[in-house]
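Data block below; observations after.
The values are calculated or read from the model by the stated rules, or taken from the named source; none is laboratory data. Just so you know, these numbers come straight off a predicted model, no measurement behind them. Glycine gets a Cβ as well: all are built from the backbone with ideal geometry, and neighbour counts include every protein chain shown.
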Amino acid sequence: MKVLAVSISERKGIKKHPVEYIELIEDYGIDGDAHAGKWHRQVSLLGVESMEAMKEKLPTLSAGDFAENILTEGIVLYKLPIGTILKVGDCILEVTQIGKECHLGCEIRHIVGDCVMPREGIFTKVIKGGKIKADDKIEIVEK
């Protein structure tokens, strides 16, 4: 289980763009990301396996297109119970929400007619901050 890519966006409602690393701040989220703040959806994760299924409809999809901060490989995120603790690199995240309501302006939904993030994306809050980059290991600490 590992990180494939990390992405941020400076504004809400747009897809995110890949960056070399993200800096997580305890109980706040990602430095420089529009979704950071004192709430339960500080960092979003999506499995590449979920993205691959959507690539049949839109082959040009890439990291950040579903507005996920962390694109993962080898872990079925949406089956993790709320409260699961994940160690990603040196950071600690707590799963707070599975899926979400898709907002009306979702670019992917308009283009493809569907969006996987509301069903298979997860949201976390930052318990311990630090840097996360591609190839960092992901471990399930507890469920």
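Remarks
- Of all the residues in the range 113-130, those that are of a type outside the set (Val, Ile, Thr) and over 15 Å from the mean Cα position of the chain (by Cα) number 5.
- Taken over the range 52-77, the residue count meeting the criterion of being of a type in the set (Ser, Thr, Tyr) and crowded, with 16+ Cβ neighbours inside 10 Å is 1.
- Residue within the range 34-51 that is at pLDDT below 95, touching a helix residue (DSSP H, G or I) at 6+ places or on another chain (Cβ under 7 Å), outside any loop (DSSP other than H, G, I, E, B) and surrounded by 16 or more Cβ atoms within 10 Å (Cβ to Cβ) present: yes
- In the range 65-111, residue farthest from Tyr21 (Cα to Cα) [restricted to those that are assigned to a loop (DSSP other than H, G, I, E, B), more than 14 Å from the chain's Cα centre (by Cα) and modelled with pLDDT under 85]: Leu104
- Selection count, the range 2-20, where residues are surrounded by 14 or more Cβ atoms within 10 Å (Cβ to Cβ) and within 18 Å of Ile138 (Cα to Cα): 6
- Cβ-Cβ distances below 8 Å connect the following pairs, each with a first residue in the range 43-63 that is among the basic types (Lys, Arg), a second residue that is not in a strand (DSSP E or B), and a separation of six or more residues or different chains: Lys55/Leu61; Lys57/Val112; Lys57/Gly113; Lys57/Asp114.
Residues checked against (1) among the polar types (S, T, N, Q); (2) out of contact with any Leu (no Cβ under 8 Å at 6 or more places or on another chain):
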residue: Glu10; (1), (2): no, yes
residue: Lys16; (1), (2): no, yes
residue: Lys38; (1), (2): no, yes
residue: Glu56; (1), (2): no, yes
residue: Phe66; (1), (2): no, no
residue: Asn69; (1), (2): yes, no
residue: Glu73; (1), (2): no, no
residue: Leu86; (1), (2): no, no
residue: Glu101; (1), (2): no, yes
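- In the range 23-46, the residues that are under 12 Å from the mean Cα position of the chain (by Cα) and within 16 Å of Lys87 (Cα to Cα): Gly29, Ile30, Gln42, Val43, Ser44, Leu45, Leu46
- Checking Ile92 against (1) more than 15 Å from Ile138 (Cα to Cα); (2) of a type in the set (Val, Ile, Thr); (3) in contact with a strand residue (DSSP E or B) (Cβ under 6 Å, 6 or more places away or on another chain), the condition it does not meet: (1)
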